[in-house]
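Quick notes on the structure that follows.
Quick note: the coordinates plus some simple rules give every number you see, no bench work behind them. Remember, it's a predicted structure, so these values are computed and weren't measured experimentally. Quick reminder, even Gly has a Cβ in these numbers, built from the backbone with ideal geometry, and neighbours come from all protein chains shown.
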Amino acid sequence: MLKYLLYTFVFFSLPLAAETRVVVFSGSLRADSWNTKLAKEAAYIASKKGATVTYFDLNQYPLPFFNEDIERTTGMPENAKTIRRAIQNAHAVIIASPNYNGSMSGVLKNLLDWISRSEDGKDSRSVFKGKKVALMSASTGKSGGSGGLAHLQYVIEKMNGSVIERKISVGRADSQFDADGHLIPSETRSNLAKEIEEAIR
């Protein structure tokens with residue numbers, strides 16, 4: 001089943017022990033983003049391995065800048081609630097993040113700030129508790145945007161997520177994807193598949 005804004009991939013290869021739910025999103029809003037391509041490739045691989053994958057396009061889930069005045073007067077925005085609840089119901093989360101000046105993108109940090117909050121005042125910063133989190137990046141540079149992942153890992157771990165040690169960075173991304181948006185067969189794609197395997201098993 002495919003939906004435009006929030007869609008679910010369901011393909012089956014080797015069966016998992018039980019239904020494994022995975023949330024995937026990219027921290028980039030740019031049209032034709034390499035990180036969005038990477039996130040969708042990760043979603044595709046996870047679904048081929050038997051997971052039920054929900055992908056969020058953050059362009060379709062805009063949020064105001066985090067502000068406790070907004071939180072106090074109107075509560076958590078509905079778009080943040082939607083993503084937060086999906087993560088709470090998932091077994092694993094996959095995030096592809098661009099490197100902006102050695103950190104994550106503003107839109108990604110803002111999302112994390114919102115979903116780190118509690119809807120009921122009881123479970124702040126628990127959204128990633130018990131979740132495996134796979135981090136990855138892509139850029140046209142040689143390093144593949146890897147410089148921002150350390151800061152992202154720090155934030156996710158502050159939110160009680162368990163970040164997988166293996167992190168994939170796709171360098172020279174403009175030559176790594178085919179016309180359909182899939183990674184070309186390579187060591188990078190093989191390592192990405194291994195990272196996804198660690199996340200969903």
Note to self, the chain gives a 222 nm [θ] from helices alone (DSSP H runs n ≥ 4, -39500 (n - 2.57) apiece, / all residues, nearest 500) of -10000 deg cm²/dmol
At most 13 other Cβ within 10 Å, DSSP loop - trypsin sites (Lys or Arg not before Pro), the range 55-156: K122, K129, K142
Could you count how many Lys pairs in the range 117-171 have their Cα atoms under 21 Å apart, skipping same-chain pairs fewer than 8 positions apart? 10
Efficiency of FRET from Cβ geometry, K48 and T82, R₀ 25 Å, rounded to 0.05: 0.45
Below 8 Å, C-alpha to C-alpha, sequence gap of six or more: please give me the relative contact order for the chain in percent. 22 percent
To check my understanding: the extent here is largest minus smallest coordinate of the Cα atoms along each principal axis. What are those three numbers for the range 41-117, in Å, largest first? 43, 31, 19
Which one, (1) 1.08; (2) 1.05; (3) 0.95, gives Rg/Rh (Cα atoms, Kirkwood Rh) as derived from the coordinates shown? (3)
Taking the 0 to 90 degree range and rounding to the nearest ten, how far is the long axis of helix 34-48 tilted relative to the main principal axis of the chain, both from C-alpha atoms? 80 degrees
Rounded to the nearest 0.05, FRET efficiency between A150 and K129 (Cβ-Cβ, R0 22 Å) equals 0.55
Could you check which residue among A51, A179, A42 shows the biggest mean-square fluctuation in a GNM of the chain with a 10 Å Cα cutoff? A179
With a cap of 15 neighbouring Cβ atoms within 10 Å, and only residues DSSP puts in a loop, list the trypsin sites (Lys or Arg not before Pro) found in the range 150-185. R172
Here the gain from full extension of E19 to D32, 0.36 nm per residue of separation minus their alpha-carbon distance, amounts to 1.5 nm
Segment R166-T74, extension gain: residue separation times 0.36 nm, minus the distance between their alpha carbons: 29.2 nm
